[in-house]
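Let me begin by presenting the structure, written as structure tokens, before commenting on it.
Each reported figure results from applying straightforward, stated rules to the coordinates on display, with no laboratory input. As the structure is a computational prediction, the values presented were derived from the model and not from experiment. Reconstructed Cβ throughout: ideal geometry from the backbone, glycine too, with neighbour counts over all protein chains shown.
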Amino acid sequence: MKKLLTMFVIACVLLGLAPNMTSAAAAQEPILQVKLVNYLKNKTSISMKVSGTYYIKEKSYRLSTSKTYTLKVASGLVSVYDGSTKLASATTLTISSSNRNDHALLNNRDYLGNFKLSVENSIYVSVVNLIYLEDYIKCVVPAEMYASWNKEALKSQAVAARSFAYYSKDKVINDSPANYQAYEGTAKLYPNSTAATQETAGEILTYNGAVIQALFSASNGGMTQNNYNEYGSPALPYFPIKKDTYDTKLTWNPVIHKKQMYITSVDLRHPELWWDKINETDPTISKNIKAWLNNNGYSNKQIKMVSIPKVAFYEKDSSGRAIRGDLTITFFVKDKRDSTGKLVLQTVKKTNVIADQVRDIIGRSIIPSTLISSVTETTSAFSIKGSGNGHGIGLSQHGANNRANAGILYKSILTFYYPGTALTKAYSQTVSPDLEPTTYQSINIQLNGVTFKNGYSKDGATHIHWSALDQLKIPYTNKGNGLFVINGIQVQAAKINNDWYIKWSQLAPGKITYEKINGGYNFIYYKPITIQLNGTSFKEGYSKDGATHIHWTAVNVWKMPYTDKGNGLFVINGREVQAVKINNDWYFRWSQIAPNHITYTKITGGYNFIYQP
């Protein structure tokens, strides 16, 4: 959950318009309506594969677990296809099951519950996931908080997330973390977070008998915030400003360079000669600013940042957070020229705007909060010091975990972050005995075409024995109890038959693909390698068959004459060269690109390839 919560919503709580909690303990577990927009927005076609007993409700047609179906819009109606055969078509369709443990893959992302299909904007498939509240929270908690964290922190997160969801239980929400909460289906399910959800099942926070919209953020930086300072709505007593001594470690200090590129030596009448060769000093910041410009008056324009001559934050609210800010940026737009054909320098100035707008433009990952302690300006740069991550209202995830690690239980954690509220049992739920199955389906596994230990199907995903990391030469650290750090990312393996197995997509996210084999899958991994071209950073390369492969666009960077004949076949300087497909893109073996014209030197993690025509 990030920040986009309206003043009206908070005002509703203050005015007593929140759902009434009288006789709450007798209530049934709600079913939420979650519109899937984070991964399925603006899709004209969606694949679906079910696990369990699913039906097209309107046709009483049972879907097969062995087939992949297609959901798409035809003639203004939403339709379900089996290959080219249309199974059902209507303004709305429901894919339903009576078993809460059944789940379905939508575009290869796994979700529990049922699915209501309709047409959006005449051409797109709209999917609303109908899911029991506890199953939703079970998925939200590990998406919002590291599932390996202390269970007491996870329990406090579960109660906050459940309260936030319960507040909106009678309306359609969505899975965008910018608007509601992070919800990624079953992708991050983990025993520790599932247990935290089950042990707090039905518990929500109430104030004067009404559920509260329990805001939370990653870190308050040592000082909580109130809703008035953030949203301008009347201050609520359970969102006070106070010091949080357990959340003072998340600090940051980005440096923003004033000069992003030097223009004195470039030909402004012929930008095509240098446009793709010059990179900005701060590439991430420049990328963020360009994205903002593309959405604010410069749609689909090619932009090159020139300078950031002004960054300022000032005026502070009672929590010490910046209220206002200034930002000036200069840039070129490739098709903005004067009458002589010369690029015209563009300028955008933001003066005395809200501080969050400056953060949005520069990037919230660069400036994670407005709890800014100082902005130091030199002749060449701005150095910004601050702490925290997010708005700071309500529960701090980092603070909660630090409190839990200090032995503080979840009820006391919630009391600190939401003082004056009551922990209320809103409904009772009988936990299904097979929520955490103890038997798993064995699956044949190959790694890069070589037979490996059998894997297992669990929660709709294939799990591979942890030693695949060694076999594929993926960098990792084994921290014990199934917790691995893989390429810097913490991954919790599942315990199956007294050994540790990792969900295949977590072994090396974005680097592993698969193909079906008899009774299972062959997982293909190519070791990523850092690549430079003539000393300039380039796209990641890959090791395959003992040789380094470089993305095909290297021929563009090196301005080598070529023809793309399709299917990875290129003619380079009159020679036919067949690229290989790696992660759905084409890569050349480096020695094939320009024999006798390319040499290389070693760099950290890879190679710098030097091309001399």
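Listing for the model above:
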{"read-out": "Distance (nanometres) between label positions extended 7 Å along Cα→Cβ at Val348 and Ala235", "value": "3.5"}
{"read-out": "Projected label distance in nm at Leu423 and Thr85, using a 7 Å step from Cα toward the beta-carbon", "value": "5.4"}
{"read-out": "Helix-only [θ]222 nm of the chain, DSSP H runs n ≥ 4, -39500 (n - 2.57) each, per residue, nearest 500", "value": "-4500 deg cm²/dmol"}
{"read-out": "Neighbourhood charge, 9 Å Cβ-Cβ cut-off, centred on Ser286 and excluding it, Lys, Arg +1 and Asp, Glu -1", "value": "+1"}
{"read-out": "Three-way shape call for the range 514-568 based on the alpha-carbon gyration tensor, with the a/c threshold at 1.5", "value": "oblate"}
{"read-out": "Additional length obtainable on full extension of the chain from Trp274 to Ser457, 0.36 nm per residue less Cα span", "value": "60.7 nm"}
{"read-out": "Whole-number percent relative contact order across the range 527-611, with pairs defined as alpha carbons under 8 Å at least 6 apart", "value": "31"}
{"read-out": "Backbone HN-Hα couplings from phi across the range 204-209 [Karplus 6.51/-1.76/1.60, Hz, Gly and Pro as x]", "value": "9, 9, 10, 9, 6, x"}
{"read-out": "Cross-link partners of Lys86 among aspartates and glutamates (Cα-Cα below 16 Å; sequence separation of 8 or more within a chain)", "value": "Glu58"}
{"read-out": "Cα-Cα pairs of the chain separated by more than 40 Å (percent)", "value": "40"}
{"read-out": "Principal axis dimensions, largest first and in whole angstrom, of the range 251-387 by Cα", "value": "53, 27, 20"}
{"read-out": "Dipole magnitude of the chain about its Cα centre (Cβ charges: Lys, Arg +1; Asp, Glu -1), debye to nearest 20", "value": "940"}
{"read-out": "For the range 251-387, with +1 on Lys and Arg beta carbons and -1 on Asp and Glu, the positive-most of Met305, Thr340, Pro271 along the dipole", "value": "Thr340"}
{"read-out": "Cβ-Cβ FRET estimate between Asp499 and Gln578, R0 fixed at 51 Å, reported to 0.05", "value": "0.80"}
{"read-out": "Cα radius of gyration and Dmax for the range 140-274 (Å)", "value": "21.4, 69"}
{"read-out": "Viscosity 1.567 mPa s, temperature 4 °C, Stokes-Einstein D of the range 45-122 from Kirkwood C-alpha radius, µm²/s", "value": "105"}
{"read-out": "R0 of 35 Å, Cβ-Cβ distance Ala406-Asn101: FRET efficiency to nearest 0.05", "value": "0.45"}
{"read-out": "Nearest-20 debye value, the range 45-122 charge dipole, Cβ charges on Lys, Arg, Asp, Glu", "value": "100"}
{"read-out": "Residue-count net charge about Ser373 - beta-carbon cut-off 12 Å; Lys, Arg +1, Asp, Glu -1", "value": "+3"}
{"read-out": "Principal axis dimensions, the range 57-172 - Cα atoms, whole angstrom, descending", "value": "51, 31, 23"}
{"read-out": "Hits among lysines - C-alpha to C-alpha of Lys155 under 19 Å, sequence gap 8 or more where chains match", "value": "Lys138, Lys188, Lys411, Lys425"}
{"read-out": "All Cα pairs of the range 223-278, percent lying beyond 16 Å", "value": "68"}
{"read-out": "Those lysines that a straight Cα-Cα span of less than 25 Å connects to Lys565, excepting residues fewer than 8 apart in one chain", "value": "Lys539, Lys544, Lys581"}
{"read-out": "Cα gyration tensor shape for the range 560-605, rounded if a/c is under 1.5, else prolate or oblate", "value": "oblate"}
{"read-out": "Label-point separation in nm, Thr245 to Arg109, each point 7 Å along Cα→Cβ", "value": "4.2"}
{"read-out": "Given charges at Cβ of Lys, Arg, Asp, Glu: the chain dipole, positive-most of Asn192, Ala165, Gly488", "value": "Gly488"}
{"read-out": "Footprinting exposure proxy for Met223, Met560 (fewest neighbouring C-beta atoms within 10 Å first)", "value": "Met560, Met223"}
{"read-out": "Sequence-distant residues sharing a close amide H with Tyr514 (under 5 Å, placed H)", "value": "Ile524"}
{"read-out": "Positive-pole candidate from Leu154, Asn498, Ile393, dipole of the chain, charges at beta carbon", "value": "Ile393"}
{"read-out": "Net length gained if the chain between Val255 and Thr376 were fully extended (0.36 nm per residue, minus Cα distance)", "value": "42.6 nm"}
{"read-out": "Relative contact order computed over the chain (Cα-Cα under 8 Å; 6+ residues apart), in percent", "value": "12"}
{"read-out": "Relative contact order %, the range 441-507, counting alpha carbon pairs below 8 Å whose residues are six or more apart", "value": "24"}
{"read-out": "Charge dipole magnitude, Cβ of K and R +1, D and E -1 - the range 441-507, Cα centre, debye nearest 20", "value": "40"}
